[in-house]
Amino acid sequence: MRLLTHNLLQCHVKGCSTNNYPLRVEATNVVHKEADFNPEFITHMLQKIEWNALRTTASALGVAELPEILPLSMEGQEELLKQIHLVLMETHIMDGKLVCPGCSHEYLVTHGVGNMLLIEDEV
Amino acid sequence: MKLKHLESALQDVEAFASPKVKLEQYPTQPHVAAQMLYTMHNSFGDIEGKAVGDLGCGCAVLSIGAALLGSAYNVGFDIDTDALKIAAANAAEFECDIDFVHCDVVEALGLAANAQPPLHIQMAALSTNDSSSPAASSSNGLPLLVRPKSLDTVIMNPPFGTKNNAGIDMTFLHAGVLLARTAVWSLHKTSTRKHIAKKAAEWGTTMEVVAELRFDIPAMYKFHKEKSVDVAVDLIRLDCTRAPSR
Ligand SMILES: [Zn+2]
């Protein structure tokens, strides 16, 4: 699970809807895997991702220290875009768990696949 | 990449080892997948450089095809862990970066069958038009696993909905509309076309029947008497650019 995917997911346990994002990553295995750099796509995705969630997650995992505030335009921001690319597209949570900050529900990540399935009484 | 090259590549995607009747698992045939993806790519520009989600991805033939055509990001969702194992192996085989999420698509998008939306939440959904903030819950008040409108394109070959899970095709489609900013692509029985057009309009989208296909669903299940069942299927595109965010 790349951090881009992590950025899209929130806790969906019944009744947990206020402090349910971002899921805290308690990873036992995080790997870096090179991917093609596509600056247009990164710029495009910046409209969809939650910047603060990405920033705190990247920092907690020790992957990168991203700036608190993004420049108004990403034009000419090659270095920053590359850094965001590394965080979003090249950082894979392979094993560990994602923990809800609100209800403490734990979602397991195994071999890179997040198990977000809830058992019946959690739905 | 030419259509025939895409089709022949997709023939090498491993299919379900033992399909599950309850989940209506049948592989998307390579020629259907290739035709669908090729049309999305060539005629609509819905793949290249896009964030693409695959609902009920199964063994990920559609996601792999999208990645081969240049999608920038792929994520597949499925309830079946056996299928996801094959999917992950397939993605690795094709050297495609595809993330997989194990979840119940219906429940994850707050579309559980029996949930009646509380009135105040319906009203709130009607009065909001802020598409930039993440919504904690769906229009019926159930929590969402995936933040709405977080992807560009959603593709799916949904279960058609047999007796036991009638209407699941529509629920998958609705889930797609919640996630896609630009378009949802799906395959549905031609016999349901009118119903889908009506629902699509209710969701604030516009349906286009892009192609009429014939599905040859092989008799992989014991209860099928004939060798295969030939079904008329529509390839549809829902334009989501004007759909509300929830
Ligand atoms: Zn929670």
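Derivation of every value follows stated rules applied to the coordinates shown; laboratory data play no part. Model, not experiment: these values are computed from the prediction. Cβ: placed from backbone, ideal geometry, glycine included. Neighbour counts: every protein chain shown.
Numbers for the structure displayed
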quantity: Charge dipole (debye, nearest 20) of chain A; +1 at Cβ of Lys and Arg, -1 at Cβ of Asp and Glu; calculated: 180
quantity: Estimated inter-spin distance, B:Ala197 and B:Glu95, nm [label 7 Å along Cα→Cβ]; calculated: 4.6
quantity: Over 21 Å (Cα to Cα) - which of B:Lys20/B:Lys85; A:Lys48/B:Lys198; B:Lys22/B:Lys50; A:Lys33/B:Lys2; B:Lys22/B:Lys194; A:Lys48/B:Lys50 fall in this group; calculated: A:Lys48/B:Lys198; B:Lys22/B:Lys50; A:Lys33/B:Lys2; B:Lys22/B:Lys194
quantity: Cysteines having no other Cys beta carbon under 4.7 Å from their own, within the protein assembly as shown; calculated: B:Cys57, B:Cys59, B:Cys96, B:Cys103, B:Cys240
quantity: For A:6-18, mean number of other protein chain Cβ atoms within 10 Å; calculated: 6
quantity: Acute angle (nearest 10 degrees) that the helix A:78-90 long axis makes with the longest principal axis of chain A, alpha-carbon atoms; calculated: 30
quantity: Percent RCO, i.e. relative contact order, over the stretch A:3-122, from Cα pairs under 8 Å lying at least 6 residues apart; calculated: 37
quantity: Cα-based helix-to-principal-axis angle, A:51-60 vs chain A, degrees rounded to 10; calculated: 80
quantity: Separation of the B:His5 and A:Leu46 label points, Cα + 7 Å toward Cβ, nm; calculated: 3.4
quantity: Helical mean residue ellipticity (222 nm; -39500 (n - 2.57) per DSSP H run of 4+; nearest 500) of the protein assembly as shown; calculated: -9000 deg cm²/dmol
quantity: Qualifying trypsin sites (Lys or Arg not before Pro) for the stretch A:23-102 [loop in DSSP, other Cβ within 10 Å: at most 12]; calculated: A:Lys33
quantity: Per-residue average of Cβ from other chains inside 10 Å of B:95-106; calculated: 5
